[in-house]
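Asker: Got a structure for you, written out below as structure tokens; questions coming shortly.
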Amino acid sequence: MKHTLSKTTLAGALVFLASTIAFGSTTRALDDPAIQQIATMAEAGMSEQVILAKAAQIGAFPVLSGDDLTRLKELGISDAVLVFMIEHAQEEIHIPTPAPPTPAPATDTGAEDPEGGIRVIVDRDFRITYYEVVIDDEIVQHAGKLWEGKSDPGVMLRRPRILKGDAVNTAYEAAVEPGSYEISVGFAFSTVEGDPRDEWGEYEGEWYVTRGIRATGEPLPNQQDGDNPGAVCTMAKGQICEVRARLGSKRPTPLGGLPDYSITYEVTILN
């Protein structure tokens, strides 16, 4: 596929670059696997066309600072590739840390504390732009956004923000009454796609593509991938039910393609 840069696209990229430099970025961006792939290809002397094709397959890059772009230029990455990475940059946002359960006030009755607890841990090794925790059909915690919609012709959409956090993250924690609870976790990853159609490569428009697995049963804007079996927590007095949701992403072939998403659950009762 041939990638061309229109005047409209380049102007939008320069505006985005200016805001990127003003906002700033940590040097961790250069350690991102997507950046490392492009840098390795450039250092190996691969053509701009091949690198752009690989960048299009990757689809999303971290926000790069002015210093980051200077370093990548020094490594031999062309302006066209840098502009593509700027246009497809996705800002990171911090995942909120839930407050630990508030202990019940001490009493002099000597009775056992009647409360239990639920802790939901999300385990992932790939980027997401949204997650949700659902208990008994109610969303009790969520972060990020389900991006959807389309731009006007020639207008660039805002890039979805990546959820920033550890690969293993406590997504929800709360004290609850003993009993049985149905728990599920959902997630999504949003990107932007464009449609250059005319002879000048002017964008007819851009739109959000959001894929993943929801916990609520409601459809995603684009595609629901895989089943969500959920988990059941049954706890007695004073116990904590820990649910670990492992988010999976697997490419269908070694050459790439859209990933197949999955969720598996592991339930542990802690006394």
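The values are calculated or read from the model by the stated rules, or taken from the named source; none is laboratory data. The shown structure was predicted, so the numbers you read here are calculated from the model rather than taken from an experiment. Cβ placement follows ideal geometry from the backbone for every residue including glycine, while neighbour counts extend to all protein chains displayed.
Asker: Check Leu17 against each of (1) exposed (fewer than 12 other Cβ atoms within 10 Å of the Cβ); (2) modelled with pLDDT under 50; (3) of a type in the set (A, V, I, L, M) and name the one condition it does not meet.
Answerer: (1)
Asker: Suppose we keep only residues that are of a type in the set (Asp, Glu) and either outside the structural domain of Cys241 (by TED's automatic domain parsing) or under 23 Å from Pro259 (Cα atoms) (or both) within region 121-176. Which one would you say is surrounded by the most Cβ atoms within 10 Å (Cβ to Cβ)? Break it down stepwise before answering.
Answerer: Restricting attention to region 121-176, the residues satisfying the condition of being of a type in the set (Asp, Glu) are 123, 125, 132, 136-138, 148, 152, 166, 173.
Now narrow it down to the ones that are either outside the structural domain of Cys241 (by TED's automatic domain parsing) or under 23 Å from Pro259 (Cα atoms) (or both): 123, 125, 132, 148, 166.
Details: Asp123: 16, Asp125: 10, Glu132: 21, Glu148: 13, Asp166: 10.
In this case the residue turns out to be Glu132.
Asker: Follow-up question, since we're still on this one. Select, from Leu64, Leu10, Leu69, the only residue that is farther than 26 Å from Tyr130 by Cβ and at pLDDT 85 or above.
Answerer: Values: Leu64 fails: farther than 26 Å from Tyr130 by Cβ; Leu10 fails: at pLDDT 85 or above.
Result: Leu69 is the single residue among Leu64, Leu10, Leu69 that is farther than 26 Å from Tyr130 by Cβ and at pLDDT 85 or above.
Asker: Specify the residue that is modelled with the highest pLDDT; the eligible residues are those in region 155-179 that are more than 30 Å from Gly238 (Cβ to Cβ) and among the β-branched types (Val, Ile, Thr).
Answerer: In this case the residue turns out to be Ile162.
Asker: Given the conditions (1) surrounded by fewer than 21 Cβ atoms within 10 Å (Cβ to Cβ); (2) under 25 Å from Tyr208 (Cα atoms); (3) of a type outside the set (Val, Ile, Thr), which single one is not true for Leu75?
Answerer: Condition (2) is where Leu75 drops out.
Asker: Same structure, new question: Within region 212-221, take every residue that is on the phi < 0 side of the Ramachandran plot and surrounded by fewer than 18 Cβ atoms within 10 Å (Cβ to Cβ) and give me the one that is modelled with the highest pLDDT. Spell out the reasoning first.
Answerer: Of the residues in region 212-221, the ones on the phi < 0 side of the Ramachandran plot are 213-216, 218-221.
This time we only want the ones that are surrounded by fewer than 18 Cβ atoms within 10 Å (Cβ to Cβ), so: 216, 218-219, 221.
Working: Thr216: 86, Glu218: 82, Pro219: 80, Pro221: 72.
So the residue we want is Thr216.
Asker: Would you say Phe126 is within 18 Å of the chain's Cα centre (by Cα) and at pLDDT below 90? Before you say what the answer is, go through the steps one by one.
Answerer: On the way: within 18 Å of the chain's Cα centre (by Cα): yes; at pLDDT below 90: yes.
Answer is yes for this residue.
Asker: Something else: Considering only residues that are at pLDDT below 60 and on the phi < 0 side of the Ramachandran plot, which ones fall in region 185-204?
Answerer: Let us first name the residues in region 185-204 that are at pLDDT below 60, namely 196-203.
Passing the criteria: Pro196, Arg197, Asp198, Glu199, Trp200, Glu202, Tyr203.
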